[in-house]
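Participant: There's a structure below that I have some questions on.
The values are calculated or read from the model by the stated rules, or taken from the named source; none is laboratory data. Worth saying up front: this structure is predicted, and the values here are computed from it rather than measured. Reconstructed Cβ throughout: ideal geometry from the backbone, glycine too, with neighbour counts over all protein chains shown. The protein model used for the area step is the full one, side chains on, heavy atoms only, and it has no ligands, DNA or RNA in it. Shrake-Rupley method; radii C 1.70, N 1.55, O 1.52, S 1.80 Å.
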Amino acid sequence: MAVAAMSYCRPSPFLGKYPPHFHLGKSQPLKAGQASRISALFWGARKSAEPQEIEISLSLGDFTLTAPGSQKEGISGVKPKKISVSVISSISEVSSTEWDACAIDVTGPENFNPFLTHAFLSSLEESASAVKETGWTPRHVIAKDESESIVGVVPLYLKSHSYGEFVFDHSWADAYYSFGGRYYPKLQSCVPFTPVTGPRILIRNTSFKDQVFDIIVSALKELTAKYRLSSLHITFPSETEWNKLSERGFLQRTGMQYHWKNHNYKNFDEFLMDMKQSKRKNIRQERKKIVQQNLTMKRLRGNEIKARHWDLFYDFYRNTTDNKWGTPYLTREFFHQMGEKMGDQVLLVVAEEEDELVAGALNLIGGDTLFGRLWGCHPRAYYPSLHFEACYYQAIEAAIELNLNTVEAGAQGEHKIQRGYLPVTTYSCHYLMDEGFRKAIENFVGRESTQ
């Protein structure tokens with residue numbers, strides 16, 4: 001996928017001078033005899049940069065609250081006047097109780113997001129899935145009041161590449177590289193390897209929460225500038241957060257996923273009756289193939305999922321990544337730790353052939369949403385329609401049984417429309433330090449959004 005450029009940029013001290021024709025998009029036709037001044041920028045993998053070290057336990061300063069928020073009690077009953085912000089190197093430095101209180105306050109229990117929990121994020125770190133060695137150096141931001149109570153947290157990573165993010169900026173990195181700049185390392189606020197929408201700046205529900213939000217955003221910008229990083233990216237935030245960050249200088253970018261919505265269905269057949277006849281017929285035919293192949297589907301939850309299930313599922317997961325030229329970001333230990341820590345929030349759909357597990361699909365249960373994440377199958381055979389059954393139809397049945405409003409089945413996949421899933425907008429925010437490059441990216445994301 002080649003990329004070149006379209007908007008003019010003034011010379012930048014960070015990148016050096018841009019060629020007059022520099023843009024991100026289709027190249028403009030040249031007049032006869034005119035020499036090309038556009039370098040083709042390819043979405044190829046460049047060697048990952050070694051992460052520039054950000055000091056561990058770095059203080060980003062103390063910030064003064066203003067009235068009226070400072071006149072009211074905080075988490076501990078004290079009337080705070082200052083908020084201190086710092087960077088930590090591991091989520092283990094924060095108690096799960098304090099981290100989860102921030103996550104639940106910002107979403108509300110009814111919209112509980114399991115990917116924002118201490119259990120999920122710590123499993124990524126402790127299993128060596130999201131660590132410096134894999135290009136994900138944890139540098140979480142913590143805000144405390146004067147009584148040392150945590151009032152806000154941000155899952156943040158120093159990235160030496162752009163893999164595992166699901167919002168593609170490889171061409172941006174190549175553009176920086178081609179014109180003498182260094183794109184990596186960059187800062188990324190997200191849930192690693194997980195394209196699930198949710199708040200990223202997690203703040204306790206206090207009377208001064210809006211001030212804490214602004215303080216944390218200012219601290220994130222300061223951190224990016226202090227270490228002369230190219231950029232700060234906040235991917236898959238909530239729409240509310242996306243709009244607030246735009247007002248604070250972040251570029252807005254949109255994407256698309258496909259989600260299923262529960263219209264108070266009593267069962268799967270009732271859902272099918274809302275489909276067009278052709279789609280209804282296709283789904284029924286696909287589901288019949290499971291029976292015809294002598295496959296049995298089971299949904300396991302919490303303690304029903306044993307260590308052997310995770311070992312087999314990891315093998316299935318590796319088969320998927322190996323066949324699709326993907327990267328097995330998650331270690332075997334991650335599945336064991338996540339399953340143990342998250343209990344009944346985990347739903348594992350499995351397919352059995354004569355009591356032998358041959359495939360599985362991992363889901364997490366939120367307040368009102370079932371999140372479908374990973375899928376894998378035994379490499380020895382191909383089972384027609386099993387992917388659709390395990391990932392889509394079993395998820396719909398589970399959501400109806402659990403009275404959940406939504407099934408999020410992961411990134412991409414227009415084929416999901418034929419199976420009852422509809423397109424929804426996803427969001428990301430990008431803060432680029434170089435003004436000239438920022439203007440080029442701003443034009444690019446504008447055209448991308450229109451398309």
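Participant: Select from the stretch 119-153 the residues that are open to solvent by 20 Å² or more (accessible area, probe 1.4 Å), charged (D, E, K, R) and in contact with a helix residue (DSSP H, G or I) (Cβ under 9 Å, 6 or more places away or on another chain) and list them in ascending order.
Facilitator: 125, 126
Participant: Any residue in the stretch 86-112 that's within 17 Å of residue 367 (Cα to Cα): show its pairings with residues that are basic (Lys, Arg) at Cβ separation under 7 Å, as long as the two are six or more apart or on different chains.
Facilitator: Hits for this filter: 101/204; 102/204; 105/204.
Participant: Continuing with this model, one more query. Any residue that is farther than 21 Å from residue 414 by Cβ, in contact with a strand residue (DSSP E or B) (Cβ under 9 Å, 6 or more places away or on another chain), aliphatic (A, V, I, L, M) and in the same structural domain as residue 120 (by the TED database) - is there at least one of those in the stretch 306-322?
Facilitator: no
Participant: Tell me, please, whether a residue that is touching a helix residue (DSSP H, G or I) at 6+ places or on another chain (Cβ under 7 Å), at pLDDT below 95, in a strand (DSSP E or B) and open to solvent by 10 Å² or more (accessible area, probe 1.4 Å) can be found in the stretch 400-416.
Facilitator: Within the stretch 400-416 (the criterion being touching a helix residue (DSSP H, G or I) at 6+ places or on another chain (Cβ under 7 Å), at pLDDT below 95, in a strand (DSSP E or B) and open to solvent by 10 Å² or more (accessible area, probe 1.4 Å)), the answer is yes, since at least one residue qualifies.
Participant: Give just the number: which of (1) among the polar types (S, T, N, Q); (2) in contact (Cβ under 8 Å) with a residue 60 or more places away in the chain; (3) surrounded by 21 or more Cβ atoms within 10 Å (Cβ to Cβ) does residue 385 not satisfy?
Facilitator: For residue 385, the exception is condition (3).
Participant: Scan the stretch 136-148 residue by residue and report those that are of a type outside the set (D, E, K, R) and modelled with pLDDT of 95 or more.
Facilitator: 136, 137, 138, 140, 141, 142, 143
Participant: Please work out which one of (1) assigned to a strand (DSSP E or B); (2) among the β-branched types (Val, Ile, Thr); (3) closer than 24 Å to residue 286 by Cβ is the condition residue 426 fails and give its number.
Facilitator: (3)
Participant: Among the residues in the stretch 357-376, are any on the phi > 0 side of the Ramachandran plot and of a type outside the set (Asp, Glu)?
Facilitator: No, there is no match, as no residue in the stretch 357-376 is on the phi > 0 side of the Ramachandran plot and of a type outside the set (Asp, Glu).
Participant: Within the stretch 217-247, track down each residue that is outside any helix (DSSP H, G or I), aromatic (Phe, Trp, Tyr) and touching a Cys at 6+ places or on another chain (Cβ under 9 Å).
Facilitator: Matches in the stretch 217-247: 236 only.
Participant: Which of (1) assigned to a loop (DSSP other than H, G, I, E, B); (2) under 27 Å from residue 116 (Cβ atoms); (3) of a type in the set (Ser, Thr, Tyr) is the odd one out, the single condition residue 431 does not satisfy?
Facilitator: For residue 431, the exception is condition (1).
Participant: Then there's this: For the stretch 340-387, which positions are of a type in the set (A, V, I, L, M) and in a loop (DSSP other than H, G, I, E, B)?
Facilitator: Correct list: 381 only.
Participant: Could you count how many residues in the stretch 255-299 are open to solvent by 90 Å² or more (accessible area, probe 1.4 Å) and assigned to a loop (DSSP other than H, G, I, E, B)?
Facilitator: 7
Participant: From the residues in the stretch 193-216 that are closer than 30 Å to residue 168 by Cβ and assigned to a helix (DSSP H, G or I), which one is most open to solvent (accessible area, probe 1.4 Å)?
Facilitator: 214
Participant: Let me ask you something else. Output the number of the condition that residue 419 fails; it satisfies all remaining conditions of (1) surrounded by fewer than 19 Cβ atoms within 10 Å (Cβ to Cβ); (2) in contact (Cβ under 8 Å) with a residue 60 or more places away in the chain.
Facilitator: It is condition (1) that residue 419 fails.
Participant: Turning to a different aspect of this structure: Just checking, does the stretch 437-444 include any residue being surrounded by fewer than 18 Cβ atoms within 10 Å (Cβ to Cβ) and under 30 Å from residue 372 (Cβ atoms)?
Facilitator: No, there is no match, as no residue in the stretch 437-444 is surrounded by fewer than 18 Cβ atoms within 10 Å (Cβ to Cβ) and under 30 Å from residue 372 (Cβ atoms).
Participant: What are the residues in the stretch 300-339 that are polar (S, T, N, Q) and assigned to a helix (DSSP H, G or I), if any?
Facilitator: Across the stretch 300-339, the qualifying residues are 303, 319, 320, 321, 323, 337.
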